[in-house]
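Visitor: This is the structure I want to talk about, given as structure tokens.
The values are calculated or read from the model by the stated rules, or taken from the named source; none is laboratory data. Since the structure is predicted, the reported quantities are computational estimates derived from the model, not experimental observations. FYI the Cβ positions are ideal-geometry reconstructions off the backbone, even for glycines, and counts take in every protein chain you see. Surface areas here come from the heavy atoms of the whole protein model, side chains and all, with no ligands, DNA or RNA. Shrake-Rupley method; radii C 1.70, N 1.55, O 1.52, S 1.80 Å.
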2 protein chains.
Amino acid sequence: MVADMQSRGSAHRTGRPRSVEADEAILAATRAALVDLGWSGLTLGDVATRAGVAKTTLYRRWAGKNELVVDAVAALFDELELPDRGTLAADIEGVVLQFAAILARPEAKSGLLAVLAESTRDDALRERIRTSVVDRQKRLVLEGRARAQVRGELPPESDPSSADRTVNLIFDMVAGAVVHRTLVSAEPVDTPWAQSFTRVLLLGLAGAASHP
Amino acid sequence: MVADMQSRGSAHRTGRPRSVEADEAILAATRAALVDLGWSGLTLGDVATRAGVAKTTLYRRWAGKNELVVDAVAALFDELELPDRGTLAADIEGVVLQFAAILARPEAKSGLLAVLAESTRDDALRERIRTSVVDRQKRLVLEGRARAQVRGELPPESDPSSADRTVNLIFDMVAGAVVHRTLVSAEPVDTPWAQSFTRVLLLGLAGAASHP
DNA sequence: CGCTTTCGCTACGGCTCGTAGCGTAACTGT
DNA sequence: ACAGTTACGCTACGAGCCGTAGCGAAAGCG
């Protein structure tokens, strides 16, 4: 999840090891700088000073601003979990509120949108975002579906490729709606909104499943 | 939609008027630079050169990169329309495809996300985006609802504040899903996807309306 | 033809970038 | 204990962009 530039596997058996505390200090300093200065105001020199490291140390681990911010923001999504709330509706509602709580943080807002903007011209960066941020969210959708199938709330998937398309559709609808309301409309994702959204989504899915 | 710094109403009856061609040349040059260089690579000096204008002229009209790109990208949304396709489903499908076609352009991708990132720390910029981009999209939702009510596909709104919340929810769901699929999942919004999405959305709304 | 405003051009200080070079610190294998 | 290897902090540097100031010329208006 962090740099991983040359430290693949168990390489580097000799020499001074990289400071792990420095890694965490740099990422924390990056998040703090995002809060104070935003994406455009953030400079690598400032981050290095905040972290108590030399600027050169920073450049040895990350290629640039983009990669650094991706790693700093990705750590925010570590706390994403899907506790079993008993029903599919409650599970969706919970993950929506959880996701929204992370997005509401100032370091996530400016950081995520900015690196997404850069990723439109940088495939490697897009891949990095996908594996360290997006896929971690998508896994919650798969988990939620599996649970609902066990409960009998959803039928087991018939065609695997069709089921895959459905998961992607649901993911774009859930994440998209939360992101859009939080970052574009700039209005809070509270419990009433999450309930309304969940209701429309589930009724839509149920309807689409019943009359094919 | 453009600068409007001092030229409010019919002010400035004396002196040399600002070149209107320069305005359009600068905005076009900005879009071209966004395609070639992306947001981070775009410099105001380069835009001025492309537009055949002095850098100082650019600064007399726009405060900075953010404002300039907002105006440049906002022009892309001028073509958004809602031709009557006969049914609510067809109308939604049409606007989804139309919106996606604009978002698929490289200048829209990097430009929009970048200014949105900046807007999280700049209220004036957020307001500028809202009036020149977001509200223009939202109007289509209102138009579509009005048409559907005339056709009898949707009931007339009972509680105005509740109807307002519903419009906002639909807007976030439609725009959010399209934005997320295009810019985050980086997969195309084609006709099959638009149909699946529209079906789930409409069935969900119908269900939510029937059992309150 | 004066008045006013915009235009193109040049020049500038200030800031950030990303890298190079150096001496020192930390850890490993013999 | 010692040599080998890698990371570290520090300093310095050229390059590029930013945003502004100052100038003379151009374009409208009364």
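Visitor: Of all the residues that make up the range B:119-136, how many are assigned to a helix (DSSP H, G or I), open to solvent by 20 Å² or more (accessible area, probe 1.4 Å) and in contact (Cβ under 8 Å) with a residue 24 or more places away in the chain?
Guide: Of all residues in the range B:119-136, those assigned to a helix (DSSP H, G or I) come to B:119, B:123-136.
This time we only want the ones that are open to solvent by 20 Å² or more (accessible area, probe 1.4 Å), so: B:123-124, B:126-128, B:130-131, B:135-136.
Next, from what is left, pick out any that are in contact (Cβ under 8 Å) with a residue 24 or more places away in the chain: B:128, B:136.
Selection size over the range B:119-136: 2.
Visitor: Then there's this: Considering the range A:27-43 alone, what residues qualify as being within 14 Å of A:Lys109 (Cα to Cα) and of a type in the set (Ser, Thr, Tyr)?
Guide: Of everything in the range A:27-43, those that are within 14 Å of A:Lys109 (Cα to Cα) and of a type in the set (Ser, Thr, Tyr) turn out to be A:Thr30, A:Ser40.
Visitor: Please give the number of the condition B:Val53 fails out of (1) part of a helix (DSSP H, G or I); (2) surrounded by 17 or more Cβ atoms within 10 Å (Cβ to Cβ).
Guide: Against the list (1) part of a helix (DSSP H, G or I); (2) surrounded by 17 or more Cβ atoms within 10 Å (Cβ to Cβ), B:Val53 comes up short only on (1).
Visitor: Six or more apart or on different chains, Cβ under 9 Å: which pairs go from a residue in the range A:193-204 that's open to solvent by less than 10 Å² (accessible area, probe 1.4 Å) to one that's of a type in the set (Asp, Glu) and in a helix (DSSP H, G or I)? Could you list them?
Guide: Listed pairs, sorted by first residue: A:Ala194/A:Glu93; A:Phe197/A:Glu93; A:Phe197/B:Asp172; A:Thr198/A:Glu93.
Visitor: Say whether the condition of being more than 12 Å from every other protein chain (Cβ to nearest Cβ), of a type outside the set (A, V, I, L, M), open to solvent by 10 Å² or more (accessible area, probe 1.4 Å) and assigned to a helix (DSSP H, G or I) is met by at least one residue in the range A:172-189.
Guide: Within the range A:172-189 (the criterion being more than 12 Å from every other protein chain (Cβ to nearest Cβ), of a type outside the set (A, V, I, L, M), open to solvent by 10 Å² or more (accessible area, probe 1.4 Å) and assigned to a helix (DSSP H, G or I)), the answer is no, since none of the residues qualifies.
Visitor: If you scan the range B:147-171, which residues turn out to be part of a helix (DSSP H, G or I) and in contact (Cβ under 8 Å) with a residue 40 or more places away in the chain?
Guide: Of the range B:147-171, the ones part of a helix (DSSP H, G or I) are B:147-151, B:160-171.
Correct list: B:Arg147, B:Ala148, B:Arg151.
Visitor: Do we have B:Leu58 as at pLDDT below 95 and not aromatic (Phe, Trp, Tyr) here?
Guide: Working: at pLDDT below 95: no; not aromatic (Phe, Trp, Tyr): yes.
Spelling it out, it is not the case that B:Leu58 is at pLDDT below 95 and not aromatic (Phe, Trp, Tyr).
Visitor: Yes or no: the range B:72-90 includes at least one residue that is touching a Leu at 6+ places or on another chain (Cβ under 9 Å), within 16 Å of DNA strand D (Cβ to nearest atom) and assigned to a helix (DSSP H, G or I).
Guide: yes
Visitor: Another one. Here are B:Ala22, B:Ala114: which of them is within 16 Å of DNA strand D (Cβ to nearest atom), over 23 Å from B:Thr198 (Cα atoms) and more than 14 Å from chain A (Cβ to nearest Cβ)? Can you show your working first?
Guide: Numbers: B:Ala114 fails: more than 14 Å from chain A (Cβ to nearest Cβ).
Result: B:Ala22 is the single residue among B:Ala22, B:Ala114 that is within 16 Å of DNA strand D (Cβ to nearest atom), over 23 Å from B:Thr198 (Cα atoms) and more than 14 Å from chain A (Cβ to nearest Cβ).
Visitor: Let me ask something else about it. If you check every pair at least six apart or on different chains, which have Cβ atoms under 7 Å apart with a residue in the range A:37-64 that is within 14 Å of chain B (Cβ to nearest Cβ) first and a residue that is open to solvent by 70 Å² or more (accessible area, probe 1.4 Å) and more than 12 Å from DNA strand D (Cβ to nearest atom) second?
Guide: Partner pairs satisfying both residue conditions: A:Gly38/B:Arg121.
Visitor: Quick one: which residue in A:Glu93, A:Glu67 is touching a residue at least 60 places away in the same chain (Cβ under 8 Å), within 12 Å of DNA strand C (Cβ to nearest atom) and in a helix (DSSP H, G or I)? Give the steps one after another, and end with the answer.
Guide: Numbers: A:Glu93 fails: within 12 Å of DNA strand C (Cβ to nearest atom).
Matching residue, one of A:Glu93, A:Glu67: A:Glu67.
Visitor: Can I ask one more? So, A:Thr87, is that one in the same structural domain as A:Thr30 (by TED's automatic domain parsing) and more than 24 Å from A:Val184 (Cβ to Cβ) or not?
Guide: On the way: in the same structural domain as A:Thr30 (by TED's automatic domain parsing): no; more than 24 Å from A:Val184 (Cβ to Cβ): yes.
So A:Thr87 fails the test.
Visitor: In this structure, is A:Gly86 farther than 21 Å from B:Ala117 by Cβ and surrounded by fewer than 16 Cβ atoms within 10 Å (Cβ to Cβ)?
Guide: On the way: farther than 21 Å from B:Ala117 by Cβ: yes; surrounded by fewer than 16 Cβ atoms within 10 Å (Cβ to Cβ): yes.
Yes: the conditions hold for A:Gly86.
Visitor: Can you tell which of B:Thr14, B:Thr49 is over 23 Å from the mean Cα position of the chain (by Cα) and near DNA strand C (Cβ under 6 Å from one of its atoms)? Outline the logic, then answer.
Guide: On the way: B:Thr49 fails: near DNA strand C (Cβ under 6 Å from one of its atoms).
Residue meeting the stated conditions: B:Thr14.
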